[in-house]
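Trainee: Have a look at the structure that comes next, please.
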Amino acid sequence: MRTAIRSALKIGTALSLAFGVAACDEDAAKLDTEQFSLFDGVDSMAWPDDGLAAVDPGFYSEYVTEPAPLPVSYPMRTSVPAASYGYAPAYDYAPEAPSYYEPLPESYYASDPGTDAYMFIALAAALGGILGDSPPDYYFDHGGTQPWVWTTGDRYARYAEPIHGGYRYYYYAPDQYRPFFVSDPYYSYGYRGDRLAVIYDRHGRVIDDRRAWRQRHAARAYYTRGSSLYETQRRHPRRGVAADRWASRREIISRDQRRWKRARAERSGWRDWDRRNESLVDARWSRERQARRYAANRFDTWRDNDYRGSAPRFYKEARKSPQVQRAAIRQRAEARIARAQLRRMGEERPNDLRRDRSQRYDRISSARRDVRQAAERREAARERRIERRRDAAFADRADRRRSVARPQRDERRLAQSREQRIERRQSQAREQRAERRQVQARQQRAERRQAQARQQRAERRQAQTRQQRAERRQAQARQQRAERRQAQARQQRAERRQAQARQQRAERRQAQARQQRAERRQAQARQQRAERRQVQARQQRAERRQVQARQQRAERRQVQARQQRAERRQAQARQQRAERRQAQARQQRTERRQVQARQQRAERRQAQARQQRVERRQQQTRQLRRDVVQRDRNRRDRNRTAMR
């Protein structure tokens, strides 16, 4: 019956594509569901053939025949509270082995993961593609962090919390308090119930669970935190996300989504899974996709207008959008076609279904290819038009910039040249460090060969060689941690440059608006100059005072905003330094306690040994005294006997 439902939905999707719905994935679909056991001998778990029902039992039925409701979001805010935007705790996979963050050896990867091994990451990537660049629906407070939440109309959810190096994402099925998928900048984890099912690296490759014990510890910690996040968001108030903060961080989330897209292009099992389930995803989330696109475009418009006016109610407005309404109509048409196909297939014999299955899939694939090609052509044409408009706008802005802000441009050039020199020095330093690592790696390989040859001759030399290698690894670990900190600093500088660029664009827009208003006033003045010269003079003076007052107020706000951002950064830096000092102090106290404990144990052993020696001497002395007394008694007895 499940196979019949899938076939009906795929046929309905193919017919609806004729109305103009473009499919996003590749053509051709597999008919057979593969069976795969990822952790044979460790945690035996065969992939079932129920597909998405393993994550959400209602995926095949609840919203396939009826459109899901639109999501609900909280209005965004234009001001940011003084509270710090903290980072969530990150799992350090190998604090003493920096090479662990490099690509794993081939032996760490599953040799034949199959298609359904990609179910978790494929579903999470599909949900991320549906959400797109739409703003978060709300955030909540959790232990000094502010996780962002997106919730679909059918109650799927994605949480995103900031960590050093990017974001960590949690994906939840409807009404589930535990995540089915968690992803950080290094690895991703799929869960079936409360058990770990699969591990992926950052490139989408499946890792053999028996070789990845550090990742299993991280998966357990993430699973526990995901449950805690869900419980916290139920109890704590929800608030709208700050608009400027989302504008500055959305590129990081888009970058992670693009990384998944590149990984999908390299994994045939992932692509096969998408092809086999794309009809279900489209039928379930076509209206959600259009609503999220509307929200992203509406936010861009609001941002370009400098967040003037009240915050948009994205999805209340989306209900009136023609694109969203057409998506709902298409989804209902797909549902009617699917129900009719189910009724027809219920009257057919199973042998007829098997005989016609390949023909139906051929028709579906052909329809998808045709519509996909048409959609790709339209998208390419639209991108070319957008690019031409962007180039023209950029040329206009460049002309105005050259005529109005030549001193600022010179200062920016000097700053850019200084930054480029710094970056060149840093790149040279990185190349030198890489060369040193290669030299060290060659030296280490030579030392290991020599140590193996000398192993039977000199055990003491082997111990010394191992100690030296350990010290070099620790030095390399410290060096790579320092490089990661430098990378984070470069990222923060890039964010600051983006914020400055946005501020300059806002100032240019204000200047253009003032210039346009002045031109309109001049045109009116030329028309009425003969009759109202005195009135116009007074009006122009008043307008100049108003313009100056507005400009001064805007400059004061900008100065205050820059001061607040600088204070927040300083507070974050002070907090990080304090945390590092506290961690060092705790470590030193622990080491001192251990040294004191060892000294106390040694002193107790020495005292016990001294006491035992004293007791033995005392026992020997008492025994000698008893022997002397006994000999005296015996001698006196013999004397008495002799006298008698």
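Just so you know, all these numbers are worked out from the coordinates, no wet-lab data involved. Keep in mind the model is a prediction, meaning the values are calculated, not measured. Reconstructed Cβ throughout: ideal geometry from the backbone, glycine too, with neighbour counts over all protein chains shown.
Trainee: Taking 0.36 nm per residue of separation and subtracting the Cα-Cα distance, what length does fully extending Gln548 through Glu379 add? It would help to have the intermediate numbers written out before the result.
Mentor: Values: separation 169, 0.36 × 169 = 60.84 nm, distance 4.54 nm.
So the extension gain works out to 56.3 nm.
Trainee: If you filter region 428-537 for trypsin sites (Lys or Arg not before Pro), then keep DSSP loop positions with at most 10 other Cβ within 10 Å, what is left?
Mentor: Values: sites: Arg430, Arg433, Arg436, Arg437, Arg442, Arg445, Arg448, Arg449, Arg454, Arg457, Arg460, Arg461, Arg466, Arg469, Arg472, Arg473, Arg478, Arg481, Arg484, Arg485, Arg490, Arg493, Arg496, Arg497, Arg502, Arg505, Arg508, Arg509, Arg514, Arg517, Arg520, Arg521, Arg526, Arg529, Arg532, Arg533; in loops: Arg454, Arg457, Arg529, Arg532.
Within region 428-537, the qualifying trypsin sites (Lys or Arg not before Pro) (loop, at most 10 other Cβ atoms within 10 Å) are Arg457, Arg529.
Trainee: How high is the FRET efficiency from Arg581 to Arg214, r the C-beta distance, R0 25 Å, rounded to 0.05? Can you show the working numbers first?
Mentor: Values: r = 28 Å, r/R0 = 1.11.
The value I calculate is 0.35.
Trainee: Using a Förster distance of 45 angstrom, determine the FRET efficiency expected from the C-beta separation of Glu567 and Gln438, and round it to 0.05. Don't skip to the answer; put the middle values down first.
Mentor: Values: r = 44 Å, r/R0 = 0.98.
Using R0 = 45 Å, I get an efficiency of 0.55.
Trainee: Same structure, new question: Within a Cβ distance under 14 Å of Arg638, other residues only, what is the Lys/Arg minus Asp/Glu net charge?
Mentor: Numbers: positive: Arg631, Arg633, Arg635, Arg636, Arg640, Arg644; negative: Asp632, Asp637.
Summing Lys/Arg as +1 and Asp/Glu as -1 gives +4.
Trainee: Assuming 0.36 nm per residue, please report the length gained on full extension of the stretch Gln536 to Tyr177 beyond their Cα-Cα distance. Working shown, then result.
Mentor: Values: separation 359, 0.36 × 359 = 129.24 nm, distance 6.79 nm.
Extending this stretch completely gives an extra 122.5 nm.
Trainee: Another one. Pulled fully out, how much extra length does the chain show between Ala525 and Thr590, if you take 0.36 nm times their separation in residues and subtract their Cα-Cα distance? Mind dumping the intermediate values first?
Mentor: On the way: separation 65, 0.36 × 65 = 23.40 nm, distance 8.07 nm.
Contour length minus Cα-Cα distance gives 15.3 nm.
Trainee: A further question on this structure: R0 = 35 Å: FRET efficiency of Gln455 with Ala607, Cβ-based, nearest 0.05? Walk me through the numbers on the way to the answer.
Mentor: Working: r = 43 Å, r/R0 = 1.22.
Between Gln455 and Ala607 the formula returns 0.25.
Trainee: What ³J(HN,Hα) values, in whole Hz, does the Karplus curve 6.51 cos²θ - 1.76 cosθ + 1.60 give for region 192-206 when θ = phi - 60°, with x put for Gly and Pro?
Mentor: So the J values, rounded to whole Hz, are 10, x, 9, 10, 6, 9, 7, 10, 10, 8, 5, 9, x, 7, 7.
Trainee: Sticking with this structure for a sec: Can you compute the modelled spin-label distance between Arg640 and Gln468, with each label point 7 Å from Cα toward Cβ, in nm?
Mentor: 8.4 nm
Trainee: If amide hydrogens are placed 1.01 Å from N in the peptide plane, which non-local residues have theirs closer than 5 Å to the one on Arg168?
Mentor: Residues meeting the criterion, in which the H sits 1.01 Å from N, are Glu161, Ile163.
Trainee: Follow-up. Could you work out the local net charge near Arg319, counting Lys and Arg as +1, Asp and Glu as -1, over the other residues with Cβ closer than 12 Å to its Cβ?
Mentor: On the way: positive: Arg287, Arg313, Lys316, Lys320; negative: Glu317.
Residues close to Arg319 contribute a combined charge of +3.
Trainee: Using a 7 Å offset from the Cα along the Cα-to-Cβ direction at both Arg390 and Gln516, what is the distance between the two label points in nm, to one decimal?
Mentor: Placing both labels 7 Å beyond Cα along the Cβ direction yields 2.2 nm.
Trainee: What net charge is computed for the residues neighbouring Thr145, neighbours being all others with C-beta under 11 Å from the C-beta of Thr145, Lys and Arg scored +1, Asp and Glu -1? It would help to have the intermediate numbers written out before the result.
Mentor: Values: positive: Arg168, Arg225; negative: Asp141, Glu161.
Surrounding charge for Thr145 is 0.
Trainee: Show the residues, 5+ positions off or on another chain, whose built amide H is closer than 5 Å to the amide H of Asp137.
Mentor: Answer set, sorted by chain and number: Val149, Trp150, Thr151.
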